[in-house]
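Visitor: Here it is, the structure in full.
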Amino acid sequence: MKWKRSERLVDMTHYLMEHPQQLIPLTFFADSYQSAKSSISEDLSIVKETFEERGIGLLVTVPGAAGGVKYIPKVQERQVKEIVEELKSELAHSDRLLPGGYLFMTDLLGNPELVNRVGKVFASAFFDQKIDVIMTVATKGISIAHAIARHLNVPVVVVRRDNKVTEGSTVSINYVSGSSRRIQTMVLSKRSMKSGQRVLITDDFMKVGGTMNGMKNLLEEFDCTLAGCAVLVEAEHPDERLVDDYYSLVKLKEVNEKDRTIELTEGNYFSKGGN
Ligand SMILES: O=P(O)(O)OC[C@H]1C[C@H](OP(=O)(O)OP(=O)(O)O)[C@H](O)[C@@H]1O
């Protein structure tokens, strides 16, 4: 079948977006569409220009015999601002207030379209960095971790708070989480990560930072490197926070459980240099 340019453009765009952060040789497209590499190069220039104009992402070309083209999911500032405002609007409802200054977010974390956009925003912040693994802790951070991982094309490891025989041999650490200052345990299968890997840790909510700090400590047990931290919502915390280098999209400034009011502002994504 001889493919027309319009058909090639549709199909190659679909293929590129289904394979983010993967280097695809031009010969793959030339063979798929029975077209000359020069035609494919012209096609890719159109895709690249449109992706960048529409804020879909970047199309990076790697020259040489082992080269090819790679789609890098990357959002524009206006898209980040849109999702931050949407999150603030959703989270401001007083019926989300929970004891201890936490917010009910499970419905948002179960919204695939929203979580996918959150994942792309955080992936954008690390689009040009080497990330090998996305780590989170069960349970509410899992959907965000998978969304980031999809856009960065890396695996997810989920830290548990209990030991399970199905995890094989494990590494565990104790940490203090939440304002209750409870001692909790983090457990991760020894098979989860290899020494030297660069790990992005994420979670839905950060208050004291004990949970994020616990995951940082766990990385040391695996001889892995912390590449970054990303939380959907951070809570204003008067005391010294256990984790200070992170991206957040929304900040929970003030909670008045008596008046049932919630004050939210944008997180530190832009001030931290998020793309
Ligand atoms: O910054 P910290 O003070 O440590 O608190 C943040 C923790 C607490 C809460 O998890 P939980 O609701 O305890 O657990 P799960 O995610 O399993 O619901 C949230 O999802 C973060 O993981």
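The values are calculated or read from the model by the stated rules, or taken from the named source; none is laboratory data. From a predicted model like this one, the values you see are computed outputs, not experimental measurements. Methodologically, a virtual Cβ is constructed for each residue, glycine included, from the backbone with ideal geometry; neighbour enumeration extends over all protein chains shown.
Visitor: Could we say that SER248 is in contact (Cβ under 8 Å) with a residue 40 or more places away in the chain and surrounded by 14 or more Cβ atoms within 10 Å (Cβ to Cβ) here?
Guide: Yes; evaluated as a whole, the condition is true for this residue.
Visitor: Among the residues of region 124-157, how many are within 16 Å of the ligand (Cβ to nearest atom) and within 21 Å of GLY273 (Cα to Cα)?
Guide: Going residue by residue through region 124-157, those that are within 16 Å of the ligand (Cβ to nearest atom) are 134-148, 156-157.
If we keep only those that are within 21 Å of GLY273 (Cα to Cα) as well, we get 134, 144-145, 147-148.
Residues that pass the stated criteria total 5.
Visitor: Of these, LEU91, LEU103, LEU98, which one is assigned by the TED database to the domain that holds PHE205, loosely packed, with under 13 Cβ neighbours inside 10 Å and either closer than 30 Å to ALA230 by Cα or within 16 Å of the ligand (Cβ to nearest atom) (or both)?
Guide: LEU98
Visitor: Further, regarding this structure: If I filter region 158-196 down to residues being part of a loop (DSSP other than H, G, I, E, B) and over 24 Å from the mean Cα position of the chain (by Cα), which single residue comes out as nearest to the ligand (Cβ to nearest atom)?
Guide: Step by step, filter region 158-196, then rank; the result is SER179.
Visitor: If the requirement is being in the same structural domain as GLY100 (by the TED database), of a type in the set (S, T, N, Q) and without any contact (Cβ under 8 Å) to a residue 12 or more places away in the chain, which of these qualifies: THR225, THR166?
Guide: THR166
Visitor: Here's another thing I want to ask about it. Of everything in region 207-228, what is in a loop (DSSP other than H, G, I, E, B) and either more than 16 Å from the ligand (Cβ to nearest atom) or under 22 Å from LYS130 (Cβ atoms) (or both)? Give them in sequence order.
Guide: Result: PHE222, ASP223, CYS224.
Visitor: I've got another one for you. How do the pairs read when you match residues in region 109-133 that are farther than 17 Å from VAL199 by Cβ with residues anywhere that are modelled with pLDDT of 95 or more and of a type in the set (D, E, K, R), using Cβ under 7 Å and keeping only pairs 6 or more apart or on different chains?
Guide: Matching pairs, first to second residue: LEU109/LYS140; LEU109/ASP204; SER124/LYS74.
Visitor: Being farther than 19 Å from ALA66 by Cα and either in contact with a Ser or Thr (Cβ under 6 Å, 6 or more places away or on another chain) or among the polar types (S, T, N, Q) (or both) is the filter here; which residues of region 1-37 pass it?
Guide: Hits for region 1-37 are SER6, THR13, GLN34, SER35.
Visitor: Please count how many residues of region 1-16 are within 15 Å of GLY57 (Cα to Cα) and out of contact with any strand residue (DSSP E or B) (no Cβ under 6 Å at 6 or more places or on another chain).
Guide: Looking only at that region, the number is 4.
Visitor: Tell me which of these SER271 doesn't satisfy, since it passes every other one: (1) within 16 Å of the chain's Cα centre (by Cα); (2) of a type in the set (Ser, Thr, Tyr); (3) not in a strand (DSSP E or B).
Guide: (1)
Visitor: Report, by residue number, each residue of region 229-249 that is hydrophobic (A, V, I, L, M, F, W, C) and in a strand (DSSP E or B). Give the derivation first.
Guide: Initially, region 229-249 is screened for residues hydrophobic (A, V, I, L, M, F, W, C), giving 229-233, 235, 242-243, 249.
Passing the criteria: CYS229, ALA230, VAL231, LEU232, VAL233, ALA235, LEU249.
Visitor: Can you pull out the residues in region 106-139 that are closer than 13 Å to ILE201 by Cα and either under 8 Å from the mean Cα position of the chain (by Cα) or surrounded by fewer than 18 Cβ atoms within 10 Å (Cβ to Cβ) (or both)?
Guide: GLY119, PHE122, ALA123, ASP132, ILE134, ALA138
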